[in-house]
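Each remark here refers to the structure printed beneath this line.
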Amino acid sequence: MGEALQRRNPADIQRIVERSALEQRRFGLVVYDSQGRPILTWGLATAAGAIGRQELASLSSLPRGVGLTERQGGTPVRSHFVALMGGGELLGGLRVSVSLQNFQEVLDRERNYFLGMLAVVSVVLVLLVSVTIRRTVSFPLHGLMGRIAALGRGEVPEDVTIPGRDEVARLTRAFNLLARNLDEARRRLLQESEYTRSVIQNVTDGIIGLDRTYRIRTWNRAIVERYGIPESEVLGRNLFEVFPPFEREGLREEVDRLLRGEQRTFSLLNFEHETRHRGRAVFNIRGSALRGSTGEVEGAVLAIEDVTERVALEREVQQAEKLAVVGQLAAGIAHQIGTPLNVISGSAEYLMMEWGPDRPRPRELEIIVAQTDRITKLIQQLLNFARPTRMAVQAVKLNDLLREILGLTEHQIAKERITVTTDLQADLPAIAGDENQLEQAFLNIVINAWHAMPAGGALTLRTRTVSAGDFPRRAGRPAPPAVEVIIADTGIGIPAEHLPRIFDPFFSTKGVGRGTGLGLAITRRIVEDHRGTIEVASEVGRGTTFTIRLPVEGVAA
């Protein structure tokens, strides 16, 4: 190039430029002489002007030349100027221009390609990282969450082993230990709970557990047996809704005081009320406050002891003691009064005979004879009541016996304007017993009934067969089948305060001379001698009902 410029041969220079095979649209070339005038232009630099010798000379001090960015026709162009030296002299200059638009397209294309590849690589890396995280973190954590949920449902999840020492592996091992400890604690708690429940269920006394709102939370087997109410019927219900008599008899006040913390315990002895399948029963009820770990009262526990049989035995002992006293009294009366009474009675009868039929007898003699006869009968009743009698056991048809009693009393009952209604079971089985004694027992009740209806009324006699479950059990023996006799009147009734004493010897509410107070006592003894039971229910002004139950096997039981 330098030699071509020295020879100033444009053809040589043109050939050199053409051999460069530069495209006019992308590149430009300007050759300057030593004065800075363009002597050759090509491509982008066709419009380039002179640069002046001074500017060209300044380029000679810059071995690498100088660059310049400009716009030609709206197209960004990058030009580079260099000085051409030869033999130490300034020969000219060279300007090379390159269109930046084409390079920008290439750069954009390369950038887009790079960015696309970068995006693909990034997606692949993200997928790889995601898969790695799911395998090493997400899957184990998901499994751990599932085991936590299972533990919350009360299930016991199996141990899961995750190798490694990272946080997930350590967390999994810690959870495995926690699950095992919780399972062990739960097993111990269940064992203790089952043991406590077993103790409560096997206690012979009834146990009722209450919360602060009187809701039943505990109901053991003994309570089921005593009341015939299964646990499923009472759990969650109010105690006083299940047992209204408890509220009427003052139990609620005692429980209230427990729940308020005013007392720690209480006792109600000989608490008597009706049960579903056993009739009237007697219980001792003891209550205790139920306190939590903080000492606050959380509820109450009631222990219910069935003392029905014990109270019945005590009453039988008391009755036996009374009978013993009556026996001693009867024996004394028989010896101390019997002989003088016979003398008085005999003397009165002799005087009546001596008076003769043609002379009117004094009224006083008739009174003496009648009253001595009455005293004699009373003494005989005392002796019969006190002495054990020998029973003539036979098959007794109670329906026939009751009809016979109504026949004996028919005249007196009609005289008192009393209507009689009978409802006698046709196929009533016969019982084994003493017919004479049973007749006396039922006759005493019928006589008391008509005495209780001085202004007339209604007398009802009813018989039926009762199942074994309806007949009260005696200690250690199953309940036998029985027949039931009900004698009801619409008389004046018996005051509630007198009901507990009506079977006591010599107790009577009748006027002087109308009763000895031994009728019902004798009736009760006869019924009990036949291994039966007698109950009475009465309401003043509405009447009285006696219920007698006798086992079919009678005294052979």
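Determine whether the range 280-292 contains at least one residue that is without any contact (Cβ under 8 Å) to a residue 12 or more places away in the chain, assigned to a helix (DSSP H, G or I) and loosely packed, with under 12 Cβ neighbours inside 10 Å.
No, there is no match, as no residue in the range 280-292 is without any contact (Cβ under 8 Å) to a residue 12 or more places away in the chain, assigned to a helix (DSSP H, G or I) and loosely packed, with under 12 Cβ neighbours inside 10 Å.
Can you find a residue that is farther than 21 Å from THR308 by Cα and of a type in the set (Lys, Arg) anywhere in the range 219-234?
For the range 219-234, residues farther than 21 Å from THR308 by Cα and of a type in the set (Lys, Arg): absent.
For the subset of the range 35-72 comprising residues that are of a type in the set (A, V, I, L, M) and modelled with pLDDT under 70, which member is surrounded by the most Cβ atoms within 10 Å (Cβ to Cβ)?
Only one residue fits best here, namely LEU44.
With GLU247, GLU254 as the choices, which residue is in contact with a Phe, Trp or Tyr (Cβ under 6 Å, 6 or more places away or on another chain), modelled with pLDDT of 85 or more and assigned by TED's automatic domain parsing to the domain that holds GLY295?
Numbers: GLU247 fails: modelled with pLDDT of 85 or more.
The conditions single out GLU254.
(1) exposed (fewer than 14 other Cβ atoms within 10 Å of the Cβ); (2) within 22 Å of PRO38 (Cβ to Cβ): which one isn't true of SER99, the others all being true?
(1)
Within the range 420-435, take every residue that is of a type in the set (S, T, N, Q) and surrounded by 13 or more Cβ atoms within 10 Å (Cβ to Cβ) and give me the one that is nearest to the chain's Cα centre (by Cα).
Looking only at the range 420-435, we keep the residues that are of a type in the set (S, T, N, Q), and these are 421-422, 425.
Checking the rest, the ones that are also surrounded by 13 or more Cβ atoms within 10 Å (Cβ to Cβ) come to 422, 425.
Numbers: THR422: 49, GLN425: 45 Å.
Among residues in the range 420-435 that are of a type in the set (S, T, N, Q) and surrounded by 13 or more Cβ atoms within 10 Å (Cβ to Cβ), the one nearest to the chain's Cα centre (by Cα) is GLN425.
Would it be correct to say that GLN371 is part of a helix (DSSP H, G or I), at pLDDT below 70 and either surrounded by 12 or more Cβ atoms within 10 Å (Cβ to Cβ) or aromatic (Phe, Trp, Tyr) (or both)? Reasoning before the result, please.
Working: part of a helix (DSSP H, G or I): yes; at pLDDT below 70: no; either surrounded by 12 or more Cβ atoms within 10 Å (Cβ to Cβ) or aromatic (Phe, Trp, Tyr) (or both): yes.
No: the conditions fail for GLN371.
List the helices (runs of 4 or more DSSP H) that sit entirely inside the range 165-274 and contain at least 1 residues that are within 20 Å of the chain's Cα centre (by Cα), charged (D, E, K, R) and farther than 24 Å from ARG286 by Cβ. Show your work before the answer.
Details: elements: 167-202, 221-227, 239-242, 244-248, 251-259.
Ranges flagged: 167-202.
Within 22 Å of ARG524 (Cβ to Cβ) and modelled with pLDDT of 85 or more: which single residue out of ALA432, ALA386, ALA392 fits that description?
Numbers: ALA386 fails: modelled with pLDDT of 85 or more; ALA392 fails: modelled with pLDDT of 85 or more.
Going through ALA432, ALA386, ALA392 in turn, just one is within 22 Å of ARG524 (Cβ to Cβ) and modelled with pLDDT of 85 or more: ALA432.
The values are calculated or read from the model by the stated rules, or taken from the named source; none is laboratory data. Just so you know, these numbers come straight off a predicted model, no measurement behind them. As a convention, Cβ positions derive from the backbone with ideal geometry for all residues, glycine included, and neighbour counts pool all protein chains shown.
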